[in-house]
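Quick one: structure below, then a few questions.
The values are calculated or read from the model by the stated rules, or taken from the named source; none is laboratory data. Note that the structure is predicted; figures quoted are calculated from it, not measured. Accessible surface areas use protein heavy atoms only, side chains included; no ligands, DNA or RNA. Shrake-Rupley method; radii C 1.70, N 1.55, O 1.52, S 1.80 Å.
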Amino acid sequence: MAIGGSSRRNDESGVRFSRTFTVALFLISIVLIAFDRPQARSPALAGLRAGITDLSAPLLDLAAAPVRGISNIGPYWRNQARLAEENAELRQRLNETRYWRDLALQLRDQREIYEEALNVESPATQNRIGAWTLGDPDGPFVQSRLIGAGTRQGVDTGDPVLNVYGLIGRVVETGRVSSRVLLLTDLNSRIPVMADRSNARAVMVGDNSEYPRLDFLTRNADLQDGDRIVTSGDDGIMPRGLPVGQAQRDRQGRWRIRLYSDQAPVDFVWVFPFEPMAAPEAESDAGDAPLLTGDSAGEAGVDPSVADGTETSVGGEP
């Protein structure tokens, strides 16, 4: 009976450690925690720990490889499906781009034929000049950039500056090897623009915000959200048709422009040297024409009396 009762107590209470052994384990844990600090860690212990880590890391990585493989099966096939859809979309875009390229080449050939037939010379831009940009927080303008190209490369004041997507500003100061570009968002920027769809004219005014506003727009102007805005060339300084951005309304109902150039960092830009159309020469007055003398009038087959300004009667008397 005693044996049976002792066995029942062991089954009910389970395995118990002595109080001395428990205290010893607690003290050993405190010592390990104290020596595990980087400040108090001994070189021998640190070396031993690093050695154990070096030995166990390949084994742990090998043991975890099947688990990682199984867990990556789902994301892998999802990624493959996404790549297949993206590839199909890119192929469709490529076909559309080829169509627009062929159409652009046809329109270019037609324009050249029309210009030759009408004897018209369009104010086209010259070869573009590439340059890197630098920030300029201490300049006289709030939002401007310094570019590494100047008069030695052919840059001149007023030349438009574009990045990959569209116009970013114009050159306002030139040096021999550098120039300053005033951005479209600056408070001092004023660029005449128009809607590519309806030719509605306006002036794009920078106000140091991300979206320049459209001023001097007529009340009944045909302008819609998303209209493509380009330079109009009305100022005679910039060429016509440079891409600027898209029209959109703000919370107050005013028209603003979401710039195309914001789609890429302003790191590398192109400067397009542009020579504006010269003003027509003033016509010379009729009084500035030289008068014909008697001798010269006779040589020209004109009556000398008419050239001298005297009238003769029928009998030949003055």
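Considering only protein heavy atoms, what per residue accessible area in square angstrom results for region 206-250 with a 1.4 angstrom probe?
About 55 Å² of surface per residue is accessible.
Along each of the three principal axes of the Cα atoms of region 147-228, give the extent in whole Å, ordering the values from largest to smallest.
47, 23, 18
Okay, moving on. At 1.4 Å probe size, with the rest of the protein present, what percent of the exposed accessible area of region 150-279 is carbon and sulfur atoms?
46
Just the accessible area for TRP100, please: 1.4 Å probe, Å², rounded to the nearest 10?
150
For PHE216, PHE268, PHE274, what's the largest-to-smallest order of accessible area, 1.4 Å probe?
The ranking, largest first, comes out as PHE216, PHE268, PHE274.
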